[in-house]
Amino acid sequence: MPPKKINKENEKNNNKENFVRGRFKEDISDLTADFTASLDIDKKFAEFDIEGSLAHLEALFKAGLIKENEKDKIKEGFFIISKELKLNKFNFDKRYEDIHINIEKRLIELIGAAGEKLHTGRSRNDQVSVDFRLYVKNEIKIIGEALIGLRIELVKKAQGNIETFLPGYTHLQHAQPVSLAHHLLAYYEMFTRDFIKLNNAYISADWLTLGSGALAGADFNIDRELEAKILGFGKVSRNSIDSVSDRDFAIEFNFALSMIALHLSRFCEELILWNSQEFDFVDIKDEFTTGSSIMPQKKNPDVLELIRGKTGSVISGLLSLFIMIKSLPLAYNRDMQEDKKPVMDNSETVYKSLEIFKDIIKTIEFKKNNMILQLDDDAIYATDMATYLVNKGLPFRKSHEIIGNVVSYSKDKNKKLSKIKINDYKKFSNLFENDIYDLFDAKHSINSKKTYGSTSLDSIGKMINDYNDEIKQDENNKMFFVK
Ligand code: ARG
């Protein structure tokens, strides 16, 4: 058995002095107090807890359960507590296990008996649910704005690199030439879908669950519509058991965060590769890199590596929520106290990752000449050559085979495709003419793409216009105001 380890503060002040010990003959042990406390985590809910309480207060008043002078007193008390919180003067008291009891205790300390009426018609189960929802809605707005910031930078960077050409890769091998703008905007698309995921999580969090009591509903005439209006919830939850049991909104938010982290991680991986001597496609600003303690020449892309590295813990946070809830019978179970840390940690990690990554994108330089140098290997135009023969009437499969033979010949003879003489081309098919040499050009290849969403420069230009409109719309609506 390891020695007992309880932090000093808890040793003195465990949460034995609790609101809810009425039916017990004995106090909980120090170990239990320490083990069950959640204050260190849920203290982040403080302001939301007050917001929720103020709404509950109005409903109690409307139901005639609290007199006007009591209401005013309670409001005054909350005003003082809010101020203490803002000035960092609030004493988070370890004797009380969570933020809800901390604030209620402080209220009673400040205003006396009136404060003892506040918990009428409420349980910590609906209280924590509504606090968590308010918190998640607020975080979604913060992450959403950071995401818009990154999308703006991506479009700007793309705009400046429409005529920067590089090999597009499949299997990390040269596939077909693309515009760098098109490559960057692929990430724009991912982050835009993530923005929609955030919005969906917001919609899930946007149900008012206060007024559900412990699980069965409240015994008083609590006007839940009024509470929803005060707190800015779009909808009033329809089933009190579901209201205190469900954490879908937190999982959905965490899923959106995980997808953002995943997309960032993939992008980082690519930039790390591009930063290697082998690719040498990018110059990352010094402020985002570090040196080595032994190798003087090193300039390491640590920030990118850390964003990629932190993605593991973000995803595990999502998994921990899935696992926490998967076997819980209805309704509230204390396991659910573990739901906050992964969400809070992930939100902070993803926010910081987004902000720093946005700055990296803003300042990164792409080495256009090194990119175009990679297109020197003109086998990358083989698909365009196959299209050439199709345009001259050959079925694609046949044309694919002929170009395959040409490529094999070029490898055998160690001769670039663009250097093979026309007479030699004609040995493979007499459809080859002198215009075959027009194909060995990145811009020509890129602009020969005709489909919606392709890398052709026209298509990219149109997309950039659309994206700029889309961003403006998202900025104005913030989408999150959808009720
Ligand atoms: N600290 C608890 C949590 O975060 C608050 C709800 C407590 N409810 C209860 N029935 N013990 O889940």
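The values are calculated or read from the model by the stated rules, or taken from the named source; none is laboratory data. This is a predicted model, so every value here is computed, not measured. FYI the Cβ positions are ideal-geometry reconstructions off the backbone, even for glycines, and counts take in every protein chain you see. Note: accessible area is taken over every heavy atom of the protein model, side chains too, but ligands, DNA and RNA are not part of it. Shrake-Rupley method; radii C 1.70, N 1.55, O 1.52, S 1.80 Å.
Those helices (runs of 4 or more DSSP H) of region 366-483 in which 1 or more residues are under 39 Å from the mean Cα position of the chain (by Cα) occupy 368-373, 382-391, 442-447, 457-477.
For ILE323, the conditions (1) in contact with a Lys or Arg (Cβ under 6 Å, 6 or more places away or on another chain); (2) among the β-branched types (Val, Ile, Thr); (3) without any contact (Cβ under 8 Å) to a residue 12 or more places away in the chain all hold with the exception of (1). Being within 16 Å of the ligand (Cβ to nearest atom) and in contact with a Phe, Trp or Tyr (Cβ under 8 Å, 6 or more places away or on another chain), is that true of even one residue in region 303-320? Within region 303-320, not a single residue is within 16 Å of the ligand (Cβ to nearest atom) and in contact with a Phe, Trp or Tyr (Cβ under 8 Å, 6 or more places away or on another chain). Does region 122-167 hold any residues that are within 16 Å of the ligand (Cβ to nearest atom) and either in contact with a Cys (Cβ under 8 Å, 6 or more places away or on another chain) or not charged (D, E, K, R) (or both), and which are they? Of everything in region 122-167, those that are within 16 Å of the ligand (Cβ to nearest atom) and either in contact with a Cys (Cβ under 8 Å, 6 or more places away or on another chain) or not charged (D, E, K, R) (or both) turn out to be SER123, ASN125, GLN127, VAL128, SER129, VAL130, PHE132, LEU134, TYR135, VAL136.
Out of everything in region 23-39 that is within 14 Å of ILE101 (Cβ to Cβ) and not in a loop (DSSP other than H, G, I, E, B), what residue ends up being modelled with the highest pLDDT? Before the answer, list the steps.
Within region 23-39, the subset within 14 Å of ILE101 (Cβ to Cβ) is 28, 33, 36-39.
From what is left, the residues that are not in a loop (DSSP other than H, G, I, E, B) are 33, 36, 39.
Details: ALA33: 91, THR36: 95, LEU39: 98.
Among residues in region 23-39 that are within 14 Å of ILE101 (Cβ to Cβ) and not in a loop (DSSP other than H, G, I, E, B), the one modelled with the highest pLDDT is LEU39.
Of the residues making up region 51-76, those that are away from the ligand (no atom under 16 Å from the Cβ), assigned to a helix (DSSP H, G or I) and closer than 26 Å to SER212 by Cβ number 13.
Of the residues screened, GLU270 is not one that is modelled with pLDDT of 95 or more, within 23 Å of THR192 (Cβ to Cβ), charged (D, E, K, R) and crowded, with 20+ Cβ neighbours inside 10 Å.
Scan region 308-361 for residues that are open to solvent by 30 Å² or more (accessible area, probe 1.4 Å), closer than 22 Å to GLU153 by Cα and either of a type in the set (A, V, I, L, M) or not in a helix (DSSP H, G or I) (or both) and the total you get is 1. Scanning region 169-194 for residues that are open to solvent by less than 10 Å² (accessible area, probe 1.4 Å) and more than 20 Å from TYR467 (Cβ to Cβ) gives a single hit, PRO177. The C-beta contact set for region 153-174 (first residue without any contact (Cβ under 8 Å) to a residue 40 or more places away in the chain, second residue assigned to a helix (DSSP H, G or I) and among the hydroxyl-bearing types (Ser, Thr, Tyr), distance under 8 angstrom, 6+ apart or interchain) is empty.
Looking only at region 104-117, residues that are closer than 24 Å to VAL244 by Cβ and either away from the ligand (no atom under 16 Å from the Cβ) or free of Cβ contacts under 8 Å to residues at least 60 places away in the same chain (or both) come to 4 in all. Restricting the first member to region 202-228 and to residues that are touching a residue at least 12 places away in the same chain (Cβ under 8 Å) and open to solvent by less than 50 Å² (accessible area, probe 1.4 Å), and the second to residues that are assigned to a loop (DSSP other than H, G, I, E, B) and among the basic types (Lys, Arg), the beta-carbon pairs closer than 9 Å and six or more apart or on different chains are ASP206/LYS483; LEU210/ARG122; GLY211/ARG122; GLY213/ARG122; ALA218/ARG122; ILE222/ARG122.
Determine, yes or no, whether LEU150 is open to solvent by less than 10 Å² (accessible area, probe 1.4 Å) and closer than 30 Å to HIS263 by Cα.
yes
Among the residues of region 331-379, write down those that are more than 16 Å from the ligand (Cβ to nearest atom) and within 30 Å of VAL244 (Cβ to Cβ). Within region 331-379, ASN346, SER347, GLU348, THR349, VAL350, TYR351 meet the criteria.
Considering only region 77-103, state which residues are within 16 Å of the ligand (Cβ to nearest atom) and either in a loop (DSSP other than H, G, I, E, B) or open to solvent by 20 Å² or more (accessible area, probe 1.4 Å) (or both).
PHE92, ASP93, LYS94, ARG95, TYR96, GLU97, ASP98
Consider region 377-395 and keep the residues that are more than 19 Å from GLU433 (Cβ to Cβ) and hydrophobic (A, V, I, L, M, F, W, C). The one that is most open to solvent (accessible area, probe 1.4 Å) is ALA379.
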